[in-house]
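Everything on this sheet refers to the single structure shown next.
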Amino acid sequence: MILPILSALAEPTRFQTMRILYDGKEHCVCELMKLLGVTQSRMSRHMQVLRQAGLVVDRRDAQWVRYRLNPAIPAEIEAFITAAFAAAQAQEVQAA
């Protein structure tokens, strides 16, 4: 189960998407597209990978799809993701 998660998070756009979704709210794909500067088709492909890895769940809302973190993420996977975010944040602070 960890390999699909590692593969999903290894791509920068998907990693940033997860950082956004970690606020615990539901986000429309249109919002994610704007924040990350990607096209709808590219964002949909990224979200499919995150969904297949079990990291996000989706909900249709008219023409849009809304995403949020999968509430069933195991605690050890959530701890790993949180640590990865902290490491990224520390690198960003050092680079600034």
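With respect to the conditions (1) of a type in the set (D, E, K, R); (2) in contact with a strand residue (DSSP E or B) (Cβ under 7 Å, 6 or more places away or on another chain); (3) surrounded by 13 or more Cβ atoms within 10 Å (Cβ to Cβ), residue 31 lacks only one, and its number is (2).
The listed residues are 51, 68, and the only one of them that is among the charged types (D, E, K, R), touching a residue at least 40 places away in the same chain (Cβ under 8 Å) and within 21 Å of residue 1 (Cβ to Cβ) turns out to be 68.
Within region 32-47, the set of residues being part of a helix (DSSP H, G or I) and of a type in the set (S, T, N, Q) comprises 40, 41, 44. Residue 83: among the hydrophobic types (A, V, I, L, M, F, W, C) and under 12 Å from the mean Cα position of the chain (by Cα), yes or no? Spelling it out, it is not the case that residue 83 is among the hydrophobic types (A, V, I, L, M, F, W, C) and under 12 Å from the mean Cα position of the chain (by Cα).
Condition check for residue 36 on (1) surrounded by 11 or more Cβ atoms within 10 Å (Cβ to Cβ); (2) under 15 Å from the mean Cα position of the chain (by Cα); (3) more than 14 Å from residue 14 (Cα to Cα); (4) not β-branched (Val, Ile, Thr): one failure, at (3).
Being assigned to a loop (DSSP other than H, G, I, E, B) and modelled with pLDDT of 95 or more is a description that applies to residue 25. Considering region 46-63, and only residues there that are loosely packed, with under 13 Cβ neighbours inside 10 Å and of a type outside the set (S, T, N, Q), the residue that is modelled with the highest pLDDT turns out to be 59. Within region 15-30, which residues are touching a helix residue (DSSP H, G or I) at 6+ places or on another chain (Cβ under 9 Å) and more than 14 Å from residue 70 (Cβ to Cβ)? Correct list: 15, 16, 19, 20, 29, 30.
The values are calculated or read from the model by the stated rules, or taken from the named source; none is laboratory data. Everything numeric here is computed off the predicted structure, so don't read it as measured data. Note: ideal-geometry Cβ built from the backbone for every residue, glycine included; neighbour counts use all protein chains shown.
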